[in-house]
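J.: To start, I am sharing the structure in question, which I have written as structure tokens.
Read-outs throughout are calculated quantities, based only on the coordinates presented, and are distinct from any laboratory measurement. Note that the structure is predicted; figures quoted are calculated from it, not measured. Heads up, the Cβs are rebuilt from the backbone with ideal geometry, glycines too, and the neighbour counts pull from every protein chain shown.
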Amino acid sequence: QVQLVESGGGLVQAGGSLRLSCAASGIIFSPNTMGWYRQAPGKQRELVAAITSGGKPDYADSVKGRFTISRDNAKNTVALQMSSLKPDDTAVYYCTVQSLLMAPSWGQGTQVTVSA
């Protein structure tokens, strides 16, 4: 079983920056993809960014050019640097890890609130 612990959420003004971090522990199969999803009130959970074991990133169109995802394979961590934040970025952000050999695992979520 995989455990994911997120940190770094909070309240920030529009235009500001936040960095989310996630540490994974347990049995983690490689290759895998680590990523971040978010869910705003009344909306479906959506992919924000993901990165493969080989370091290939993928971003939602809404965050391209503003967010950067990175990972440390040796430490099983993934981070999301968020810049130029907008009120529309307000959501609970969830860390995830998945591979062909295991079901997706999710963190407990961390709240990001961007004030206008």
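J.: Just to be sure I understand the curve: with the Debye formula and one point per C-alpha of region 1-61, what is log10 I(q)/I(0) at q = 0.14, 0.18, 0.30 Å⁻¹?
T.: The computed values of log10 I(q)/I(0) come out as -0.53, -0.85, -1.32.
J.: Please sort by residue number the trypsin sites (Lys or Arg not before Pro) in region 28-116 whose DSSP state is loop and whose Cβ has at most 13 other Cβ atoms within 10 Å.
T.: Here the sparse-neighbourhood loop sites are 43, 64, 75.
J.: Percent relative contact order of the chain, based on C-alpha pairs within less than 8 angstrom and at least six residues apart?
T.: 36
J.: What FRET efficiency comes out for the pair residue 86/residue 106, r = Cβ-Cβ distance, R0 = 22 Å, nearest 0.05?
T.: 0.35
J.: If you average the C-alpha positions of region 48-114 and of region 1-39 separately, how far apart do those two centres end up, in angstrom?
T.: Going from one Cα centre to the other spans 6 Å.
J.: Applying 1/(1 + (r/R0)^6) with R0 = 41 Å to the Cβ-Cβ distance of residue 62 and residue 27, what FRET efficiency is obtained, to the nearest 0.05?
T.: After rounding to 0.05, the efficiency reads 0.80.
J.: Under the rule a/c < 1.5 gives rounded, and otherwise a/b versus b/c splits prolate from oblate, where does region 67-108 land using the Cα gyration tensor?
T.: Here region 67-108 falls in the oblate category.
J.: Run through all the Cα pairs of region 30-76 and give the fraction in each 10 Å bin from 0, expressed as whole percent.
T.: Percent of Cα pairs in each bin: 26, 48, 23, 3.
J.: I've got another one for you. Per residue, how big is the convex hull of the chain when only Cα atoms are used? Give it in Å³.
T.: Measuring per residue, one finds 93 Å³ for the Cα hull of the chain.
J.: Something else about it: Given a Förster distance of 30 Å, report the FRET efficiency between residue 13 and residue 74 from their Cβ-Cβ distance, rounded to the nearest 0.05.
T.: The calculated FRET efficiency here is 0.30.
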